[in-house]
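Presented below is the structure to which this report refers.
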Amino acid sequence: MKKRYRLIPVIAIILAFAAGILMTVLTTPVMGYIAENKSPRTEIYHDDGSITYEYKDRFYTAKKVGKLMQTVYKLNPSQENLEMVSGIYSPFTYINGTYKGNTPPADFLKSMVKYQKLVYEKGYVEGDSTYIVPSNTDIKQLVKLNDGIRYAQALYLNGQIEDSEQLVEHLINEIKENSSWSRDNSFTGYLSLRDYFYLVYSTAENVTVKKWVLDTEAEIEKQAIKSSKLSEYIERHGYLFSNPDYESYVTNNWPEAQSGKYINNVPDENQSVEVQGTWFVYENKYGENEIINGTNIKNQEDFYRNLGYEGLDEIQDDRLYIVNIVPTPGQIGKIKLLSDCEVHPYFSSGFDGTCQVVDKKIYAVKNRDEIVVFNEKGEITMSLYKSDGEIKALLVDNNFMWFLCSDKIYRLNLMTNEAEMIYEGVDFDEFLCFLRPITNHEIQWLEVFRTDKSKFECERACYYEVNEKHIITKEYIPDSQPQETLYPVWHWYAVEDPNFKEVES
């Protein structure tokens, strides 16, 4: 009898373990991730050293766990589960799968419309999504627009053409009539609509639908008069919309989609992104002021003296100062000490990777080994991380912070204040700065180094995906003369970048 009683706790543990596994399966997207990773695919190696994947059946995940993931979302309608199920039933999957001859499940189109609608109506949820959108109203507008475009594609593919057209017209009016849209984002927004127009124009059998596409594009082209970027684009290319045939559309073989064309605001001449543009994200604005390191102020002393700033004679290295961005007319600009704590900038070229201002919070590295938060009075309101090694750079984006400590990159969740090491092996001396993170599980940074073959400084762009532990590095080595620091173009890690070449293994 006693032996029988001993089995009770063992059985209880087994049942609890089984219940835990069941709850994980029924309330999280874990089965979706597993099915995606197991989807049969072929690796294709290209001459430039890059690798792409050819999936044998685009609908593999939908067939294996599609209905299960719909049940999971019903049981736990979280943002993560919604992103998983909408990713399974996406217009991209349907378009590419059917083009390859794959057969979708019977409920695919209906489910695609349902979940794309939910994503569009729910919108981006800060802190819940598996990706990060910078704290920027303009960028959030573009995310909402792209969600709407995918929903419109889903409606069209499901045969709900009139509903699809009405949604697109609504999206266009949002861009045209909402004064909160910046000119740059209006430009990007109009070009984003091409993914919808090209699908419809290349597949519509109804002449009226094709005419609607052309008429709508013509209306958008009229906006070129109000937008210098649209006008410039048309002048460069001779058109705004090219309307390729279906095969060219699906294979991304239309002119605007090729490297070196206007994609995500990167100019034709393969110029790198401007420092104040998409990639360079160290912000130091605090209301009508800036938070600047004394070392950087000294480096630009002539500039401040010519503007008549007060306080220059008291400037110390490795200290943070509050500086008027532009002095009020008739008043003298002032430079005031923020805090007497040491905040070492590492670079004196104007940007400071150890200090960043986000949402009225001043994140800084104190004494080279502690990440703290200052208020505008210079008071430390919070200590986020104390290290055993030296911290050279940090980057704050929404609810996450990335920072370099010794040879390791850490990710810190600002909601829980928990830090985890996600990558090891960075050369501390070569690290220059972080580039904007793409999601909360992808990070990019730039390194500066020298080789035996080049007497000039060279650059290395690095991309790391946390979940798959996947690293991509590409280098730029000047042939004959030093140049300004370059920045990778958008999605450089996935496409050809004219500046950065794949590192040979």
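So, in region 286-317, exactly how many residues are open to solvent by 40 Å² or more (accessible area, probe 1.4 Å) and either of a type in the set (F, W, Y) or in a loop (DSSP other than H, G, I, E, B) (or both)?
The total comes to 7.
Here are some residues: Y239, Y262, Y249, Y233. Which one is modelled with pLDDT under 65 and among the hydroxyl-bearing types (S, T, Y)?
Just a single option satisfies the conditions, and that option is Y262.
Write out, first by first residue and then by second, each pair whose Cβ atoms fall under 9 Å of each other, whose residues are 6+ apart or on separate chains, and whose first residue, in region 467-487, is farther than 13 Å from R450 by Cα while the second is among the basic types (K, R).
T473/R460; K474/R460; K474/K501
Quick check on my filter: what residues within region 83-103 are touching a Phe, Trp or Tyr at 6+ places or on another chain (Cβ under 6 Å) and either farther than 22 Å from S248 by Cα or in a helix (DSSP H, G or I) (or both)?
Within region 83-103, V85, S86, Y89, G97 meet the criteria.
Looking for something over 28 Å from K298 (Cβ atoms), surrounded by fewer than 19 Cβ atoms within 10 Å (Cβ to Cβ) and either touching a Lys or Arg at 6+ places or on another chain (Cβ under 7 Å) or aromatic (F, W, Y) (or both) - is there at least one such residue anywhere in region 424-442?
Looking for residues that are over 28 Å from K298 (Cβ atoms), surrounded by fewer than 19 Cβ atoms within 10 Å (Cβ to Cβ) and either touching a Lys or Arg at 6+ places or on another chain (Cβ under 7 Å) or aromatic (F, W, Y) (or both), one finds at least one in region 424-442, hence yes.
What residue, of E457, E420, is modelled with pLDDT of 90 or more and surrounded by fewer than 20 Cβ atoms within 10 Å (Cβ to Cβ)?
Selected residue: E420, the only one of E457, E420 that is modelled with pLDDT of 90 or more and surrounded by fewer than 20 Cβ atoms within 10 Å (Cβ to Cβ).
Report yes if some residue within region 197-209 is part of a helix (DSSP H, G or I), modelled with pLDDT under 90 and open to solvent by 60 Å² or more (accessible area, probe 1.4 Å); otherwise report no.
no
Mind listing just one residue for me: the one in region 150-185 that is assigned to a helix (DSSP H, G or I) and at pLDDT below 75 and, of those, surrounded by the fewest Cβ atoms within 10 Å (Cβ to Cβ)?
Among them, the one singled out is R183.
Starting from region 87-106, keep only residues that are more than 16 Å from K117 (Cβ to Cβ), then list their pairs with residues that are open to solvent by 30 Å² or more (accessible area, probe 1.4 Å) and of a type in the set (A, V, I, L, M) whose Cβ atoms are within a distance under 8 Å, requiring at least 6 positions of separation or different chains.
If the second residue must be open to solvent by 30 Å² or more (accessible area, probe 1.4 Å) and of a type in the set (A, V, I, L, M), the pairs left are I95/L157.
Please specify each residue of region 379-403 satisfying the condition of being farther than 14 Å from V358 by Cα, without any contact (Cβ under 8 Å) to a residue 40 or more places away in the chain and open to solvent by less than 40 Å² (accessible area, probe 1.4 Å).
Matches in region 379-403: L384, S387, G389, I391, F403.
Output the residue which, of all residues in region 318-341 that are within 34 Å of the chain's Cα centre (by Cα) and part of a loop (DSSP other than H, G, I, E, B), is modelled with the lowest pLDDT.
Step by step, filter region 318-341, then rank; the result is V326.
The values are calculated or read from the model by the stated rules, or taken from the named source; none is laboratory data. Since we're looking at a predicted model, the values are computed, not measured. Here the Cβ is made from the backbone with ideal geometry for all residues, glycine too, and neighbour counts use every protein chain on show. For accessibility, only protein heavy atoms count, side chains too; no ligands or nucleic acids. Shrake-Rupley method; radii C 1.70, N 1.55, O 1.52, S 1.80 Å.
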